[in-house]
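J.: Below are the structure tokens for one structure; questions will follow.
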Amino acid sequence: MKYKSQKVAYWFFALCMLLFSLQIVYGFIMGFDRIGIQGLHDIIPFNVARAVHTNLLVVWLLTGFMGAAYYIIPEEAQRELISVKWAYVQLISLAVVGVVAIIGFHLNHWEGRKFLEIPRELDFLVVINVLLFLGLILGTLYKGKRRTTTALVLTMGLLFAALLYLPGMIWFDSQVMDSFFRWWVVHLWVEGVWELIMGGILSYLLIKLTGVDREVIEKWLYVIVGLTFLSGVLGTGHHYYYIGVNKIWLIVGGIFSALEPLAFLAMALFAVNMYRKGEKSHPNKIALFWTIGSSIVSFVGAGLLGFAHTLPQTNLYTHGTLVTAMHGHYAFWGAYAMIVLAIISYALPNLTGRKRYQSATGMAAFWLSNIGMLGMTVAFGVAGVVQVYLERKMKMEFMVVQNEISIHFVVLLICATMFATGIGMFIFDFFKYGRPTDEALEIKKN
Ligand code: HEM
Ligand code: HEM
Ligand SMILES: [Fe+2]
């Protein structure tokens, strides 16, 4: 069954594509900075580029999650969104906040908690925006005919993500307290509630794409939610090792964060098993690739590469180096970027009525971006390990080491070009589908 109000999702996805391409531009600015090509340095210094790059990442992913919710919730709840008009108001205000933030970063050189650099006034606008979004989603679920586990897990993830934004807004004089609560947002997002969002989208996509019974799929979802909370909450301790809090966190953080890969492993096994059990008859192979790919790459990027530096003994050396950037890129890519690209790939043919399932551009986009990002991860990893060795073991000066490793950024840029070509093709394909139509959403089909 399709619903006309699902059309809103398309415009969220379009904004998502726009912000994603901007994020990549700032990635390149930093990459070139690192090899000494610094033409833009006076207008966009490295720290500004870095803040814009990471904040844009968070915003385009959230825009994608919102689009996913506007697409999925009407179908799961079996009714139209309670208000399409307000959904567009929310979209436009989100875009406005985004634009103001990007300009602000350049003019004011805001600094603050990493990933959460926007000033308090904008924080309040974000809160209002998110409340409007949640109101629309919760209202639709409440009035709907059906409340599925998939919809509830997705909505719980979005609701908790909003609540967890608040501790990041409290002002502390103490650097230790500031750090302590910053992780409630950053860690409990990506290693907690965002996993529920991912789990919800994954579950929806697997139900649609594999044809396996909802009961079977949603049973797995419970296991994933359980594993996520069991490990992720106390796993926050892996950021508390050396920030000046009680040393008990060395043990708690070490043990629980070491268990975190289990949730991602469960997700990968889940997706692969459902695919194998399923009918393999759904024609949208591109969406299937992104879906299964997301579950596997997130296990590698978050699970394995996260585990690589999560024990206190290793984190003592790797903390805050390019080893972190290696893990940050592959984890964000696999878990959250790929699942957003998966739901977009699934939704587009249904929204527009054009069935371009075999599009060669779409397939090339998948492989180029994935191979490119894998290469970038390796480049960051090699640079990171060398950095740890020279800086932390041989005690060389920070800037001297940065010069030594700049060659790895040449490799990074080559791989990034491949990655960006893939994403360019994805976006090209996105626009080639054309606009969503009411007729497409009138056809009764999955
Ligand atoms: C999709 C899930 C994940 C994402 C998107 C992610 C992303 C990130 C990012 C961006 C950072 C840098 C944060 C900052 O310095 O502000 C980070 C740090 C870290 N992550 Fe993850 N991560 C994920 C899952 C995991 C998992 C499952 C583990 C452990 C098994 C882990 C272990 C770590 C550790 C130990 C650090 C601290 C690195 C340091 O001390 O510099 N991560 N992660
Ligand atoms: C053309 C593509 C890209 C390039 C060239 C690039 C480059 C960079 C560079 C140079 C940094 C700063 C590392 C440092 O501190 O020295 C960075 C940070 C970061 N980028 Fe990218 N990036 C790209 C795409 C992406 C994508 C697609 C994602 C997410 C899926 C991403 C996520 C991040 C994150 C989370 C950080 C912060 C890492 C940390 O806290 O250590 N980047 N990027
Ligand atoms: Fe963490």
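J.: When the helices in the chain are scored as -39500 (n - 2.57) per DSSP H run of 4 or longer and the sum is shared across all residues, what 222 nm value do you end up with, to the nearest 500 deg cm²/dmol?
T.: -24000 deg cm²/dmol
J.: Classify the range 8-432 from the C-alpha gyration tensor, please: rounded if a/c falls under 1.5, else prolate or oblate depending on whether a/b exceeds b/c.
T.: rounded
J.: With every protein chain present, what accessible area does residue 247 have (1.4 Å probe, heavy atoms only), rounded to the nearest 10 Å²?
T.: Per-residue accessible area (residue 247): approximately 110 Å².
J.: How much length, in nm to one decimal, is gained on full extension between residue 255 and residue 84, taken as 0.36 nm per residue of separation minus their Cα-Cα distance?
T.: Extra length available between residue 255 and residue 84 comes to 56.9 nm.
J.: Please calculate how many Å² of accessible area the range 228-308 carries per residue, with a 1.4 Å probe and no DNA, RNA or ligand atoms counted.
T.: 42 Å²
J.: What is the sum of charges, Lys and Arg at +1 and Asp and Glu at -1, for the other residues whose Cβ falls under 9 Å from the Cβ of residue 284?
T.: My count for the surroundings of residue 284 gives +3.
J.: Helix 322-331 versus the longest principal axis of the chain: what angle, 0 to 90°, nearest 10, using Cα atoms?
T.: It is inclined by approximately 10 degrees.
J.: Output ³J(HN,Hα) for the range 107-115: one whole-Hz value per residue in order, computed from phi by the Karplus curve 6.51 cos²θ - 1.76 cosθ + 1.60 with θ = phi - 60°, and x for Gly and Pro.
T.: 7, 9, 6, 3, 10, x, 5, 3, 6
J.: Right, next: Based on Cα coordinates alone, diagonalise the gyration tensor for the range 221-356, multiply each eigenvalue by 5, take square roots, and list the semi-axes in whole Å, largest first.
T.: 35, 16, 11
J.: Please give the helix 7-34 orientation as an angle from the longest Cα principal axis of the chain, in degrees from 0 to 90, rounded to the nearest 10.
T.: Here the helix axis deviates by roughly 20 degrees.
J.: Which of the GluC sites (Glu not before Pro) across the range 359-446 are loop residues per DSSP, with 16 or fewer other Cβ within 10 Å?
T.: 397, 439, 442
J.: Given R₀ = 30 Å, what would the calculated FRET efficiency be for residue 111 paired with residue 229, taking r from the Cβ atoms and rounding to 0.05?
T.: So, using R0 = 30 Å, E works out to roughly 0.35.
J.: Please list, or write none, the lysines whose alpha carbon is within less than 24 Å of the alpha carbon of residue 143, excluding same-chain residues fewer than 8 places away.
T.: 2, 4, 7, 85, 208, 444, 445
J.: So for the chain, taking the charge dipole from beta-carbon charges (+1 Lys/Arg, -1 Asp/Glu), which of 47, 418, 394 sits furthest toward the positive end?
T.: 418
J.: Which percent of the accessible heavy-atom area of the range 8-432 goes to carbon and sulfur, probe 1.4 angstrom?
T.: That fraction is 72 percent.
J.: Let me ask another. With label points built 7 Å along Cα→Cβ from the Cα atoms of residue 146 and residue 37, find their separation and express it in nm.
T.: 5.2 nm
J.: Further question: Would you compute the Debye intensity of the range 323-380 from its alpha-carbon atoms alone, equal scatterers and no solvent, and pass along log10 I(q)/I(0) at q = 0.13, 0.20 Å⁻¹ to two decimals?
T.: Taking Cα atoms of the range 323-380 as identical point scatterers yields -0.42, -0.78.
J.: Please give the contour-minus-distance gain from residue 427 to residue 272: 0.36 nm per residue of separation, less the Cα-Cα distance, rounded to one decimal in nm.
T.: In short, 53.1 nm is gained.
J.: On average, how much area does the Cα convex hull of the range 283-324 cover when viewed from any direction, in nm²?
T.: Over every viewing direction, the Cα hull of the range 283-324 projects on average to 3.2 nm².
J.: What ³J(HN,Hα) values, in whole Hz, does the Karplus curve 6.51 cos²θ - 1.76 cosθ + 1.60 give for the range 204-219 when θ = phi - 60°, with x put for Gly and Pro?
T.: 4, 5, 5, 4, 6, 8, 9, x, 6, 4, 3, 4, 5, 5, 6, 5
J.: If you average the sequence gap of Cα pairs under 8 Å that are 6 or more apart and divide by the length of the range 8-432, what percent do you get for the contact order?
T.: The value is 14 percent.
J.: Over all alpha-carbon pairs in the range 55-174, figure out the percentage whose distance exceeds 26 Å.
T.: 25 percent
J.: With θ set to phi - 60°, apply the Karplus curve 6.51 cos²θ - 1.76 cosθ + 1.60 along the range 120-125 and write out the HN-Hα couplings as whole Hz, x wherever there is a Gly or Pro.
T.: These are the phi-based 3J(HN,Hα) values: 4, 4, 5, 3, 5, 5 Hz.
J.: Would you mind getting the accessible area per residue of the range 61-169, heavy atoms of the protein chains only, 1.4 Å probe, in Å²?
T.: 43 Å²
J.: Mind checking the dipole of the chain: about its Cα centre, +1 per Lys or Arg Cβ, -1 per Asp or Glu Cβ, Debye to the nearest 20?
T.: With Lys and Arg at +1 and Asp and Glu at -1, about 1340 debye.
J.: To continue, here is another question. Give me the angle, in degrees from 0 to 90, between the Cα long axis of helix 360-387 and the longest principal axis of the Cα atoms of the chain, rounded to the nearest 10.
T.: So the inclination is approximately 20 degrees.
J.: Something else now. Taking square-rooted eigenvalues a ≥ b ≥ c of the alpha carbon gyration tensor, is the range 332-446 rounded, prolate or oblate, where a/c under 1.5 means rounded and, failing that, a/b exceeding b/c means prolate?
T.: Prolate.
J.: Follow-up. When the chain is fully extended, how far beyond the present Cα-Cα distance does residue 124 get from residue 216, taking 0.36 nm per residue of separation?
T.: Additional length available on full extension: 29.0 nm.
The values are calculated or read from the model by the stated rules, or taken from the named source; none is laboratory data. Small disclaimer: the values here were computed from a predicted structure and weren't measured. Please note: Cβ atoms are built from the backbone with ideal geometry, for glycine as well, and neighbour counts cover all protein chains shown. When the accessible area is computed, the model is the full protein with side chains, heavy atoms only, and any ligands, DNA or RNA have been set aside. Shrake-Rupley method; radii C 1.70, N 1.55, O 1.52, S 1.80 Å.
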